[in-house]
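No lab work stands behind these numbers, since they all come straight from the coordinates. Being a predicted model, the structure only gives us computed values, none of them experimental. All Cβ positions, even for glycine, are placed from backbone atoms using ideal geometry, and neighbour counts span all protein chains on display.
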Amino acid sequence: MITPSNTVFPSTRHGKAFVCFFTLGLLLSCGFLRVAAQPATTFNTMEKEMIALVKRVEHSVATVIVQRKHVTNVNGQVITDWTRAVGSGVVLHKDGYILTTAGVVSHAYDILISFPDGQYRPGKIVGVDLLSDIAVIRVDSVSVSPVLVGDSDDALPGAWVLLLSNAYGTPSSISLGIVNGIRKEDVLLQVSAVLSRGFTGGAAFSTEGRLVGLIVGETGNKTIPTGGVMSSEGSGMVSVIPINRIKTFARHLIEYGEIRRSWLGVYVEKIWDSVNINTALNVVVGKSVGMEITDVFPDSPAEKAGLQKGDRLLEINGIAMDHPIMLAEFVITLPIGSKIEINYLRGDLENITHTVLVPQPRLLEEPPEESVIDEDEALRNLDMLQQMILEHEMEMEQHKLELEQLKLLWQDRVRQVGSSGRP
C-alpha cells in the first residue's frame, strides 16, 4: 500500500450540501410552481435526504490517475514524453475490482487509485473493451465498501439520478439529473444534467443509492477520450452506460480479460417508411419500419442460416428488430452457442430459419505479452507513483484554494447586495 504525504485533503461536506440546495433552486426556477407552494420544511427534508444519499454512496467512488508514456522518433533521436490524466472509477467488488470507462485508462503506463479515505494504491488493468467503453482495474485491497448494484431498467424517464465522481474531491463532483430514456443509436441512458471536469468513469446512482450506470460523458460535448476530462462547456445532456449492460461485460473482463461476444455475421441498415431530408440542416426525419441485410459474412451463422443480401430482417426469437444497435445488443448478450430463430422477408414471402451463434472473430491482433520488469524498472515505477501522488495532491490543494476564493467572492456579493438595500 502506498501512503500519501502529509497533505490536508479538502473537506467537501458543506460544498455538497450547497450543490444539492442549488440544484433544488434551479428546479424551482424552471417552473415547478406546485412544489414552490409546499412548506419550507419539504425542501429541508429533500436536502437532508440528498445529503444522506451522498454520504451513503460517496465512499464507493474513487479517483483514477493515469500516467501515459509517449515515445517519438525525431530525426533519429528518441524522445520520451509523459502525460497524466484523471478520471473516476467505481469500487465494484471487495476483492479490489474497480469499474471505469475504457477512455480513462486507454494507453496507461501506470495507474494509481485514490480512495475517498485518503489511501493510494497502484492499479493494474484486468481488461479493457473499446466497443463498450468499459474497463476493469484491480488493486491489491480496498479499504472501502463496494457499490450496491441496481437495475437500470428501473431508471425510467422522469426518474432522478445522482451523478457522482471523485476526480478531484471537490463539491463540483456532484450533480443531480433526470432520466430522459435510452437512446437507440448507442443504447445509452440519456440524463439531463450538467457535469464538470473528471466525471468520466463516475457513477450514476438511483435515489435508493444503487448503481444504475457508468458516466461516459456529455452528449454532443467535446471531450478528451484519452484523458477522461470533461470540457468546461456543458451540453446539459449526459450519456450513461446502463448497469444491466455492464454486468455481463464486467464479468467477462474479470473472468477472461476480454468480452466474449456472440456473433451473427450480417450488416444491416434501417428501412424508412417515409423520409424527409433537410440538406441545409443535415437532418433526416422519418419512420423506421425494419432493417435490410446489406451484406453477409462468409461462413457466418447468418450465411449458414441461408440469409442473403436484400433480405428484410423482422424478428429474432419473436422479438421485433427495428434498429441495428438493437440487433447488435440483443445478439451479443446471448450466450455463445445459443440457437436462435430468425423471421425474415424475401420479396413478398416471409420465412423462418434457425442458426447457432458463434464467438465474434478476433479482428485485431493480440496485444504483445507484458514484458518482465527488472528491479531497476520496478524502483523507477515506484518513484513515478510517488510523483503522481505528489502532483495529484498539489492539484487538489489548488482546487481547494479556488473554492475558497469563490466562497469569498460569493460572500462579498452578498454583503454588497445587503448594503444596497435590495430585497
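Near the amide H of Val238, under 5 Å away, which other amide H atoms are found, from residues 5 or more places off or on another chain, if H is placed in the peptide plane? Counting only residues 5 or more places away or on other chains, the set is Val191, Ser192, Ala193, Thr219. With a Förster radius of 56 Å applied to the C-beta separation of Arg415 and Asn180, the computed FRET efficiency comes to 0.90. For Asp299 and Thr45, the FRET efficiency from 1/(1 + (r/R0)^6), where r spans their Cβ atoms and R0 equals 60 Å, is about 0.45.
For the pairs Lys124/Lys270; Lys247/Lys270; Lys55/Lys124; Lys94/Lys339; Lys184/Lys309; Lys184/Lys304, note any where the Cα-Cα span goes beyond 31 Å. Distance filter (> 31 Å) returns Lys124/Lys270; Lys94/Lys339. As a proxy for reagent exposure, Trp263, Trp410 were ordered by neighbouring Cβ count within 10 angstrom, fewest first; the result is Trp410, Trp263. Placing R0 at 45 angstrom, the Cβ-Cβ distance between Ser192 and Leu130 gives a FRET efficiency of 0.95 after rounding to 0.05. Each of Leu164, Leu408 was scored by other Cβ atoms within 10 Å of its Cβ. Listed from fewest to most, they are Leu408, Leu164.
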